[in-house]
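A short worksheet on the structure shown next.
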Amino acid sequence: MASKILVTGGAGFIGSHTVVALQQAGYDALILDNLCNSSVDVVDRIARITGARADFIEGDIRDAALLKRLFAQHDISAVLHFAGLKAVGESTRLPLAYYDNNVHGSTCLLQAMREAEVRSFVFSSSATVYGDPQKLPLVESHPRSATNPYGHSKLVVEDILESVHRSEPGWRIARLRYFNPVGAHPSGLIGEAPQGVPNNLMPYVAQVASGQRPCLQVFGSDYDTPDGTGVRDYIHVMDLAQGHVAALRHCLQSEGEMLTVNLGTGTGYSVLQMIKAFEEASGRTIAYEVAARRPGDIAACWADTTLAWKALGWRAEKGIADMCRDAWRWESGRSQ
Ligand code: NAD
Ligand code: WQD
């Protein structure tokens, strides 16, 4: 029985791109996803890209009996844990759903791993755990805080992982703090598929470019940034996927370690710069209007990438032109 990497949430945006990168790096992936925010077609599309079909199980990370069976039936060497809910606004309306899925879901998974004696775990954390930055670029030692249940759920899981590692130092854990993942696989076969009105900038811009939405609202133009609009560290999802392969390799080779690392590019771009880059990539005009600031938004945020390079030998390679080109190829293919 060949050993596999269990990828929870592997049909979702970041998980699916990571499955592609895993397969291309020679790993076998087993996807567990309840499809609450994705579609099973993604598994076929991954196979079209890589030529290899990942095993897929439709199910929930909170289903203890399913997890027990899954760890008994497959030789799993590590878990990449993407499954969870991720909409900040929704989390303030439905906090219990967020804590149940993101926190309880993670403890169910860790419990099943412990029973099956699988001790390598890569966790999708977020730059949201830094709260409002006190100093840029953000280093991993920056104080953490959360202003909404989604962010708090990430903070709590980070702390749970710390306790787990302290209790049994043989655990090999990577807590990866993503900045703003965007773009799509260059094939145009997989990408981000938000349900309803997109919450995030890039998919919204893409839908304005394709004519599905009339106009982008730019949330605030009076921030203390060069052009007054919010600045973020956008990272191509395939670079992020490669970061996971690097983190997985690192975990599998370590004797037992707890690594916390930023996955970003180290460069921030404003909303207006992203609009311009998308116009250039798509050849379309993006209609926009300046609106009020979005509650809870910060002015600017970008990563210090020193540790990612030092610990993982990984750094992002793609720029915003690649991100916009691939996001546009995906969006224009979908909306035809
Ligand atoms: P996504 O919604 O596209 O993917 C999550 C996947 O998990 C979906 O396919 C969904 O169906 C599945 N899922 C949700 N709950 C589940 C459960 N209980 N059991 C099994 N499957 C379940 O989101 P994404 O953008 O790919 O994000 C992946 C992870 O990265 C999440 O944990 C998210 O919080 C984190 N993250 C995302 C971003 C971002 O901007 N996209 C930034 C930082 C961190
Ligand atoms: C980017 C910039 C907005 C939409 C969120 C989560 C964070 C993480 C990533 C998971 C900001 C502006 C946006 C729009 C706009 N997710 N904007 N008009 O807020 O940095 O991060 O996603 O962990 O936790 O909070 O990303 O893409 O929503 O916004 O002007 O319609 O675009 O104000 O400056 P954000 P975003």
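Below are the figures for this structure:
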read-out	value
Any hit, region 190-197, residues being more than 12 Å from ligand 2 (Cβ to nearest atom), more than 14 Å from the chain's Cα centre (by Cα) and farther than 22 Å from Asp322 by Cα	yes
Selection from region 223-237 of residues that are open to solvent by 20 Å² or more (accessible area, probe 1.4 Å) and within 16 Å of ligand 1 (Cβ to nearest atom)	Arg232
Residue match in region 263-278 (condition: within 16 Å of ligand 1 (Cβ to nearest atom) and surrounded by fewer than 20 Cβ atoms within 10 Å (Cβ to Cβ))	no
Filter result (part of a helix (DSSP H, G or I) and among the β-branched types (Val, Ile, Thr)) within region 94-126	Val103, Thr107
Residue list for region 68-113, filter: open to solvent by 50 Å² or more (accessible area, probe 1.4 Å), touching a Phe, Trp or Tyr at 6+ places or on another chain (Cβ under 9 Å) and more than 18 Å from Ser38 (Cβ to Cβ)	Val88, Thr92
Residues of region 277-291 that turn out to be closer than 14 Å to Leu216 by Cβ and in a loop (DSSP other than H, G, I, E, B), as a count	4
Wholly enclosed strands (runs of 3 or more DSSP E) of region 139-226 bearing at least 2 residues farther than 23 Å from Asn37 by Cβ	172-178, 216-219
Contacts under 8 angstrom Cβ, first residue in region 1-14 being farther than 14 Å from Arg53 by Cβ and open to solvent by 20 Å² or more (accessible area, probe 1.4 Å), partner part of a helix (DSSP H, G or I) and modelled with pLDDT of 95 or more, 6 or more apart	Phe13/Val237; Ile14/Val237; Ile14/Leu240; Ile14/Ala241
Residue satisfying condition, being out of contact with any Pro (no Cβ under 8 Å at 6 or more places or on another chain), within 15 Å of ligand 1 (Cβ to nearest atom), basic (Lys, Arg) and farther than 18 Å from Arg294 by Cβ, within set Arg166, Arg144, Arg172	Arg144
Some residue of region 20-35 being surrounded by fewer than 18 Cβ atoms within 10 Å (Cβ to Cβ), more than 16 Å from ligand 2 (Cβ to nearest atom) and closer than 22 Å to Ala193 by Cα	yes
Region 206-222: number of residues that are open to solvent by less than 30 Å² (accessible area, probe 1.4 Å) and touching a Lys or Arg at 6+ places or on another chain (Cβ under 7 Å)	3
Candidate set: region 142-189, residues that are of a type in the set (S, T, N, Q) and away from ligand 2 (no atom under 16 Å from the Cβ); chosen: the one most open to solvent (accessible area, probe 1.4 Å)	Ser167
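The values are calculated or read from the model by the stated rules, or taken from the named source; none is laboratory data. On a predicted model such as this, the values are computed, not experimentally measured, just so you know. Reconstructed Cβ throughout: ideal geometry from the backbone, glycine too, with neighbour counts over all protein chains shown. The accessibility values were calculated without ligands, DNA or RNA, using every heavy atom of the protein model including side chains. Shrake-Rupley method; radii C 1.70, N 1.55, O 1.52, S 1.80 Å.
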